[in-house]
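Single-structure report; data block below.
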Amino acid sequence: MSHQLLKNRREHPARTAAMRSIEAVQSGDREAWLGMWHPEGCLEDPVGVSPMDPSGEGHRGIEAITAFWDTFIGPASIRFHIRESFACGAECANVGTITTRSADGSVARCELVMVYRLADDGRVASLRAFWEIDEMMEDFF
């Protein structure tokens, strides 16, 4: 688990939310992760059309975000290594590597940028993850 960089950077509400999100994903804490989201939040992971989001419009609303957890996050073991974090306004962009171990034991790594934006109430309004799905698929081992 490597999100120490987030803990060591200047405190910022969006960075704190990003850190809590990463901790919830890594520990498999579905309720903590879902509790961070604004009811009308939007999750784009990855941004654009993909097998995870055929419309490319993102997973909108807590019901769709819950389904994303249940389908993609919950069944996997996911680890983050964050190398850079930039926070300003109501947003935080983190640069790093994600390593995913599927239920069948397959492992993949990919480089990504995750941009968190907070709603006025401090909950996550959007998470946009920029990564190349073709690169990740080539890296399964």
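Every number here is computed from the coordinates shown, using simple stated rules; none is lab data. Just so you know, these numbers come straight off a predicted model, no measurement behind them. Here Cβ is always computed from backbone atoms with ideal geometry, including for glycine, and neighbour counts include all displayed protein chains.
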- Task: Would you please state which residues of region 31-74 a label at Glu23 would reach in this model, taking the label point 7 Å out along Cα→Cβ and a backbone N cut-off of under 20 Å?
- Result: 31-38, 74
- Note on the structure: Taking GluC sites (Glu not before Pro) as exposed when in a DSSP loop with at most 15 other Cβ atoms inside 10 Å, the chain has its longest clean stretch at 58-131
- Item | Principal axis box of region 29-141, alpha-carbon based, largest edge first, Å | 42, 30, 27
- Could you work out how far apart the two model spin labels at Ser55 and Glu11 are, taking each label as a point 7 Å from the Cα in the direction of the beta carbon, and quote it in nm? 3.9
- Item | Choice from Pro46, Pro75, Pro13 showing the highest fluctuation, given a GNM over the chain with Cα pairs closer than 10 Å | Pro75
- Query: Where the only charges are on Cβ atoms (+1 Lys, Arg; -1 Asp, Glu), what is the dipole of region 76-141 about its Cα centre, to the nearest 20 debye?
  - Reply: 280
- Item | Nearest-0.05 FRET efficiency for Glu40 and Cys88, computed from C-beta distance (R0 25 Å) | 0.60
- Query: About its Cα centre, how strong a charge dipole does region 4-138 have in debye, to the nearest 20, once Lys and Arg get +1 and Asp and Glu get -1 at the Cβ?
  - Reply: 620
- Write out the trypsin sites (Lys or Arg not before Pro) in region 71-141 meeting two conditions: DSSP loop, and at most 16 other Cβ atoms within 10 Å of their Cβ. Arg123
- Item | Length released on extending from Thr66 to His81, taking residue separation times 0.36 nm less the Cα-Cα span | 3.0 nm
- Any idea what Rg and Dmax come out to for region 56-104 if you just take the C-alpha atoms, in Å? 13.7, 41
- Item | Radius of gyration and Dmax over the Cα atoms of region 83-133, both given in Å | 13.4, 41
- Query: Once phi is turned into θ = phi - 60°, what whole-Hz ³J(HN,Hα) does the Karplus curve with 6.51, -1.76 and 1.60 give for every residue of region 86-98, x standing for Gly and Pro?
  - Reply: 10, 10, 6, x, 9, 10, 9, 10, 10, 10, x, 10, 10
